[in-house]
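Where a number appears in this text, it was derived from the coordinates with a stated rule and is not lab data. Keep in mind that what you see is a predicted model, and the values were worked out from it rather than measured. Note that each Cβ is placed from the backbone with ideal geometry, even for glycine, and that neighbours are counted across all protein chains shown.
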Amino acid sequence: MMSKNNEDDHVRVVMLPWLAFGHMIPFLDLSIALAKSGIHVYFLSTPRNIQRLHQRVPPNVSHLVEFVSFQLPNLHSSNLLPEDAEATIDIPADKMDCLKIACDLLQEPVKNFIAGKLPNWIIVDFFHHWAVDIAQDLDIPIMTYYICTASTAVFAWMPEFIVGEGKREARTSPQDLTAPPDWVDFPSQVVFRDHEATDMYNVFYGKNASGVPDGARLMRLVQACQAIAIRTTLEFEADYVKQHSRLSGKPVFPVGFLPPEKVEGGSTVSEESWSKIFDWLDQQKLRSVVFVGFGSEYKLKKEEIHEIAHGVELSGLPFLWSLRKPDWATHDGIDALPPGFISRTAGRGVVQIGWAPQREVLAHPSVGGSLFHAGWASIVETIVYGHCLVLLPFTLAQPLDTRLLVEKGLAVEVERADDGSFTRNDIANALQKAMVSEEGEALRTRTKEAADGIFGNKKLNDDYIKKLVEYLKNGTPQHK
């Protein structure tokens, strides 16, 4: 299917990601991959986000990735959003629904832009349920792009929307999230723990200030879309990909892992503080350093930071910790750490407050593993380099991604008590197991094999993009 106003041979696509960097970056990675195949992409976001993203586009495709800026409606005057807040990284967790409200108010200006361009496709994140109205009014096909795993997509399916035979009643309590759903008819460990289930049940099924539950946003798009794209491969998640196609009744396209172009560790970093850190990395043993970082979607509490710090110290391993300054910390943010931690670990570890050039860090030969939050984009970037994964999930799909990686023997999950708490010993034991123990040798081997065979396999991942491009051009599925 093509839009009615197709004036030339170029396929033109509008990308509409949610305002979180864990969403915007995968959408931009897909945009770059499509641009390399000659597709013109309009990447829609807000001014500050575009400013923070545009340098990621390679010069050879910059003419095909066109950033389109929309000013987020002003909610700070009513104290709903902080001034200049344009992404989840800019707001506390309790303001998330307010960001959805502001984003929903972009429907009319976004529609006006799309009406002026009449692209061939709209590729949209699941938060933007109103994109369905735009697509239907303008008779433009829509594709939903999951930046999560296929296993998460299948697990999170709302059973009242199962098509055809086997329609079931909706999940009725958080307890229903602690076991594989009825529609997963193969062995699976992808579930929430008791301490995770209540929050996720409320996020996905409960009412929120925006007036539209997240589950309803997703399902409206799935029902209306022509096809679904997922950042995965059949080699990694065949059962889940095929099951999602059966559940939705739509063609599902794995787009590959969109692995980043490999870089030399530190080669593109000019900031003085990080230049010194890369000098320190140069002095460490091969694959000995643990990279520690917990993304932007979850704000670590003081006791969590302290237990992580004590655990890293107790492990005895060299480490590099990129720590976002908590709102409750003062001055340079070092006071977020336990007293004396910096002096006790001097020489063996480095803490950098703020932004980190993650891809360059992971590319450095002295880095051998990561302790992190299990965000899917970070998992992909870490495995591409064959590093050990020590996962400490906190929110959203992170627990489900963790269980999938553990099930496949590619990660160690930090143990927690029934209430979700963890101790320094839990951190240290997980790090030791993954990085140096004899027990973890098989895990380290499997991770290297996954990097070479699937996650970092350029031909394999490029082939998935070719199938998607063919579909975008012709509207005919070419997937396996």
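Kindly list the residues of the range 62-96 that lie in the label zone of S296, defined by a backbone N under 13 Å from the point 7 Å along the Cα-to-C-beta vector.
Output list for this probe position: 85-92.
Classify the range 281-327 as rounded, prolate or oblate from the Cα gyration tensor: take a ≥ b ≥ c as the square roots of its eigenvalues, call it rounded if a/c is under 1.5, otherwise prolate when a/b beats b/c and oblate if not.
On the way: a/c = 3.15, a/b = 1.72, b/c = 1.83.
Here the range 281-327 falls in the oblate category.
What's the lysine pair count for the range 272-455 at a Cα cut-off below 28 Å, pairs eight or more apart or interchain?
The number of close lysine pairs in the range 272-455 is 15.
Compute the angle between helix 398-407 and the longest alpha-carbon principal axis of the chain, please, reported from 0 to 90 degrees and rounded to the nearest 10.
Between helix and principal axis, roughly 70 degrees.
Let's test the formula: R0 of 30 Å, r as the Cβ-Cβ distance of A115 and Q71. What FRET efficiency results, to the nearest 0.05?
The formula returns an efficiency of 0.95 here.
Between the helical axis of 302-315 and the dominant principal axis of the chain, each derived from Cα atoms, what acute angle in degrees is found, rounded to the nearest 10?
60
Hey, if you put +1 on the Cβ of every Lys and Arg and -1 on every Asp and Glu Cβ in the range 256-361, which of G347, V361, I277 ends up farthest toward the positive end of that dipole?
Final value for the positive-end residue is G347.
Can you give the FRET efficiency for A93 and H54, using 1/(1 + (r/R0)^6), R0 = 25 Å, r = Cβ-Cβ distance, to the nearest 0.05?
Using R0 = 25 Å, I get an efficiency of 0.35.
For D327 and E272 in one chain, what is 0.36 nm times their gap in residues minus the Cα-Cα distance, to one decimal in nm?
17.3 nm
Spin-label point model (7 Å from Cα, Cβ direction): what's the T178 to N474 distance in nm?
A separation of 5.0 nm, rounded to one decimal place.
Quick check on the chain: helices-only [θ] at 222 nm, where DSSP H runs of length 4 and up contribute -39,500 (n - 2.57) each and the sum goes over total residues. Nearest 500, please.
Helix-only estimate at 222 nm: -11500 deg cm²/dmol.
Rank F294, A430, V61 by how far each Cα sits towards the positive end of the charge dipole of the chain (+1 on Lys, Arg Cβ; -1 on Asp, Glu Cβ) and give me just the farthest.
Working it through, the farthest residue towards the positive pole turns out to be V61.
Determine the relative contact order of the chain: mean sequence separation of Cα pairs under 8 Å and six or more apart, normalised by residue count, in whole percent.
14
Which of the GluC sites (Glu not before Pro) across the range 51-88 are loop residues per DSSP, with 12 or fewer other Cβ within 10 Å?
Here the sparse-neighbourhood loop sites are E83.
Within the range 306-322, name every residue whose backbone N is under 13 Å away from a label modeled 7 Å from Cα of K285 along the Cβ vector.
316-319
Would you mind working out the magnitude of the charge dipole of the chain relative to its Cα centre, with +1 at each Lys and Arg C-beta and -1 at each Asp and Glu C-beta, to the nearest 20 Debye? List each step's numbers first, then the result.
On the way: 47 positive and 61 negative charges, 156 e Å.
Rounded to the nearest 20 debye, it is 760 debye.
In degrees between 0 and 90, to the nearest 10, how far off the longest principal axis of the chain does helix 214-224 point, with axes built from Cα atoms?
Taking the Cα atoms of the chain, the angle to 214-224 is about 40 degrees.
If R₀ is 45 angstrom, what is the calculated FRET efficiency for the pair S343 and D137, using the beta carbon separation as r and rounding to 0.05?
Taking R0 as 45 Å, the efficiency between S343 and D137 is 0.10.
Which of rounded, prolate or oblate describes the range 375-450 when judged by the alpha-carbon gyration tensor and an a/c cut-off of 1.5? Don't jump to the answer; show the numbers that get you there.
Details: a/c = 2.10, a/b = 1.20, b/c = 1.76.
Cα axes put the range 375-450 in the oblate bin.
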